[in-house]
1. Tell me the per residue accessible area of the chain using a 1.4 Å probe; a whole number in Å² is fine.
2. Run the numbers on the chain and let me know its relative contact order in percent, using alpha-carbon pairs under 8 Å that are six or more apart.
3. Express the carbon and sulfur contribution to the solvent-accessible surface of segment 9-91 as a percent, rounded to the nearest whole number, probe 1.4 angstrom.
4. Work out, in µm²/s and without decimals, the Stokes-Einstein translational diffusion coefficient of the chain at 37 °C, 0.692 mPa s, Rh from Kirkwood over C-alpha pairs.
5. Whole-Hz Karplus ³J(HN,Hα) for segment 48-59, in order, using 6.51 cos²θ - 1.76 cosθ + 1.60 and θ = phi - 60°, x for Gly and Pro?
6. Run the numbers for Phe66 and Leu32: contour at 0.36 nm per residue of separation, minus the present Cα-Cα distance, in nm.
7. Can you send over the solvent-accessible area of Asp22, 1.4 Å probe, protein chains only, in Å² to the nearest 10?
Amino acid sequence: QEIDLIVTPGGYDPLRFAVKVDIPVRLTFRQLGRVGCGNELNLPYGTNLAGGLNLDDPNDVEVFEFTPREPGEYTFFCAHLMYKGIMTVRQ
């Protein structure tokens, strides 16, 4: 499962995406334009499980690999909660 997540001044793209439980995910995070705090991504993917990515400049690309273990909907967000999206983990 591979996801390209882009943050723009208008928010995350895609705003919603789905992955399957117990299958590894490779999420690639990058930005287009000036995004303020949107360059920080907090990505919960289970109870007490989360990853964090930070883009230091507009040319950075960060990759986060994880395996979701619990079905559900998880809100991902920037440091100030100005940008939000939803990851759905399905059986």
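1. On the way: 5220 Å² over 91 residues.
Per residue, the chain has 57 Å² of solvent-accessible surface.
2. Details: 222 pairs, mean separation 31.0, N = 91.
Once normalised by length, the contact order is 34 percent.
3. Working: 2300 of 4810 Å².
Heavy-atom surface of segment 9-91 belonging to carbon and sulfur, 1.4 Å probe: 48 percent.
4. On the way: Rh = 13.0 Å.
Here the translational diffusion coefficient equals 253 µm²/s.
5. Ordered by residue, 3J(HN,Hα) equals 6, 10, 7, x, x, 10, 9, 9, 6, 8, x, 8 Hz.
6. Working: separation 34, 0.36 × 34 = 12.24 nm, distance 2.40 nm.
The span from Phe66 to Leu32 would gain 9.8 nm if fully extended.
7. Here the accessible area works out near 90 Å².
The values are calculated or read from the model by the stated rules, or taken from the named source; none is laboratory data. These numbers were taken from a predicted model, which means no experiment stands behind them. When the accessible area is computed, the model is the full protein with side chains, heavy atoms only, and any ligands, DNA or RNA have been set aside. Shrake-Rupley method; radii C 1.70, N 1.55, O 1.52, S 1.80 Å.
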